[in-house]
1. Please count how many residues of the stretch 168-180 are at pLDDT below 95 and among the aliphatic types (A, V, I, L, M).
2. Report those strands (runs of 3 or more DSSP E) wholly inside the stretch 215-292 carrying at least 1 residues which are β-branched (V, I, T), surrounded by fewer than 21 Cβ atoms within 10 Å (Cβ to Cβ) and modelled with pLDDT of 95 or more.
3. If you go through the stretch 164-179 one residue at a time, do you hit one that is in contact with a Leu (Cβ under 7 Å, 6 or more places away or on another chain), outside any strand (DSSP E or B), open to solvent by less than 30 Å² (accessible area, probe 1.4 Å) and within 23 Å of R208 (Cβ to Cβ)?
4. Would you please name the residue that is nearest to P177 (Cα to Cα), looking only at residues in the stretch 85-132 that are open to solvent by 60 Å² or more (accessible area, probe 1.4 Å) and among the basic types (K, R)?
5. Filter the stretch 230-258 down to the residues that are among the aliphatic types (A, V, I, L, M) and farther than 16 Å from V193 by Cβ, then identify the one that is nearest to the chain's Cα centre (by Cα).
6. Taking the residues in the stretch 317-341 that are part of a loop (DSSP other than H, G, I, E, B) and touching a Lys or Arg at 6+ places or on another chain (Cβ under 7 Å) as candidates, determine which candidate is most open to solvent (accessible area, probe 1.4 Å).
Amino acid sequence: MWARLVGTPEPWLLLAGPRVRWSLAALAPGGGRMEEPGPGSLEAGDAPPAAKRRRLLAGEEKRPGRGERYVPPPGKRNPGVSFSETHFAETHYYFEGGLRKVRPYHFDFQTYCKGRWVGKSLLHVFSTEFRAQPIEYYRAAASAGRLRLNEQPVRDLGIVLKNNDFLRNTMHRHEPPVTAQPIRILVENDEVVVVDKPSSLPVHPCGRFRHNTVIFILGKEHNLKELHTIHRLDRMTSGVLIFAKTAEVSKRIDEQIRQRQLEKEYVCRVLGEFPENEVTCEEPILIVSYKVGVCRVDPKGKSCKTVFQRLSYNGKTSVVKCFPYTGRTHQIRVHLQFLGYPIVNDPIYNMEAWGPTKGKGGEINKTNEELLRALVEEHRSKQSLSILDISEEDLKPIVGSEECDRSGYCTKPVEITSISADSCRTEVSKDQKEAEILACSPNSDTRPETYEANPEGASSSGNQAGHTEEKDPLCEECKIVRQDPSPRELVMYLHALRYKGAEFEYNSKMPDWALEDWDESQD
């Protein structure tokens with residue numbers, strides 16, 4: 001006797017004696033109940049074939065009797081972030097001109113439908129929230145089978161999104177170069193890994209960086225995986241960086257950080273003759289733009305405290321020790337700027353965009369929007385926008401032009417919106433990982449075959465003589481030849497020298513630029 005499973009969205013779910021026919025909907029919460037077949041009940045041969053089920057899932061065909069596109073229930077999401085050998089094998093490193101570079105590779109950006117997207121078409125979402133690429137790119141990507149909705153190819157960008165829709169976009173990814181300086185392992189035991197991070201390396205995948213990050217380099221080159229981030233350093237800051245090997249150790253050290261029991265000591269080189277006496281700065285700091293990475297002293301900001309002690313002065317610049325008692329974003333750099341002694345080569349806080357006094361005493365005389373625009377314009381004039389690591393999507397609202405090209409050369413200004421004090425995130429906040437893509441699946445069968453991201457025999461330690469990368473026909477970045485930064489441009493004179501907790505103390509050596517006999521002309 002045939003029976004039908006009632007309460008499920010699919011009319012072809014049938015039970016026939018001991019044999020059961022299921023679709024994805026049978027796994028939906030709530031299941032269904034058994035019902036005797038009535039007039040018009042489906043027989044076994046009425047179940048849609050596999051091809052039709054795929055069309056239903058993709059929205060190319062409506063469900064019988066419902067007129068709605070079926071959305072499968074969301075899959076389970078893994079807690080935390082962990083990268084495997086599969087992720088590490090996406091591409092290779094090579095070294096050139098004192099830089100560590102990543103060969104371009106194909107990567108799947110994935111996300112579930114956001115609440116604000118429900119009821120909107122894919123075309124609308126791409127044109128309003130993913131403006132780094134022109135809409136023509138997304139049409140071409142759909143035609144090439146690189147856009148998938150619920151794992152089915154999307155051919156029509158007019159399809160309306162529903163709750164739990166799962167989107168996948170396969171793109172050709174280019175990463176900026178970083179310094180070729182190696183990551184030094186300072187301490188490794190059963191509980192922690194402590195490294196001396198070079199300048200220019202982000203701690204974890206974010207923005208345009210994935211393989212050129214501390215987490216990936218440790219996994220790929222040192223076989224150190226599943227590490228827990230204890231604290232973070234700015235991308236341009238070098239020095240002591242601590243990872244826990246277990247969640248228990250991470251929790252224990254996190255508690256010390258929250259209770260402010262962690263002693264931190266930094267060293268920097270600043271412009272001018274810093275006072276010989278100890279200087280304390282307790283000015284509140286407000287984040288002007290999280291995406292661009294700019295802060296300023298402001299009464300509406302968060303409270304913080306930094307103590308400074310001068311070590312030496314060579315007639316032009318001073319070497320200063322810094323003791324931050326709080327962990328606000330860019331705290332040391334902003335306080336030094338406020339005091340009138342910005343870090344010598346700080347690409348943000350030692351710029352003319354801040355005005356004649358470069359922000360000393362909080363004197364800026366610009367709105368947040370004007371400040372951001374001035375900073376971007378100054379870097380653009382110096383052809384150093386890559387130092388700011390601003391994505392194309394974030395760049396366009398700042399300099400404001402529909403004529404922006406992929407290199408960031410824009411002309412026509414428009415209004416932008418800065419963020420409020422409530423949007424402030426601290427440097428140690430683990431919520432920053434939200435900026436990274438929700439998931440990744442490097443084994444997608446949608447990856448184009450016209451480009452070999454990991455060619456057989458590709459060197460991971462050096463550039464192959466005569467090797468040329470194949471171009472992706474849809475990738476705008478492949479059409480641009482960018483000038484590499486010099487290794488010197490990727491160094492900022494701020495270094496985390498020592499971290500001390502209740503049960504540990506980790507130190508790195510004093511960087512060359514902080515030594516008393518250092519010759520600036522030879523750097």
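1. 1
2. Details: elements: 238-244, 263-271, 279-281, 285-289.
So the answer is 279-281.
3. Among the residues of the stretch 164-179, at least one is in contact with a Leu (Cβ under 7 Å, 6 or more places away or on another chain), outside any strand (DSSP E or B), open to solvent by less than 30 Å² (accessible area, probe 1.4 Å) and within 23 Å of R208 (Cβ to Cβ), which makes the answer yes.
4. Once the filter is applied, the top-ranked residue is R131.
5. Looking only at the stretch 230-258, we keep the residues that are among the aliphatic types (A, V, I, L, M), and these are 230, 233, 236, 240-242, 244, 247, 249, 253, 257.
Applying the additional criterion that residues be farther than 16 Å from V193 by Cβ yields 236, 257.
Working: M236: 15, I257: 24 Å.
Of everything passing the filter in the stretch 230-258, M236 is nearest to the chain's Cα centre (by Cα).
6. Keep residues of the stretch 317-341 that are part of a loop (DSSP other than H, G, I, E, B), which gives 325-330, 340-341.
Keeping just the survivors that are touching a Lys or Arg at 6+ places or on another chain (Cβ under 7 Å) gives 325-326, 328-329, 340.
On the way: Y325: 128, T326: 13, R328: 45, T329: 25, G340: 27 Å².
Only one residue fits best here, namely Y325.
The values are calculated or read from the model by the stated rules, or taken from the named source; none is laboratory data. Just so we're clear, the structure is a prediction, and the values are computed from it rather than from any experiment. Don't worry about glycine lacking a Cβ; one is built from the backbone with ideal geometry, like all the others, and counts go over all protein chains shown. Remember, those area values only see protein heavy atoms, side chains included, never the ligands or the DNA or RNA. Shrake-Rupley method; radii C 1.70, N 1.55, O 1.52, S 1.80 Å.
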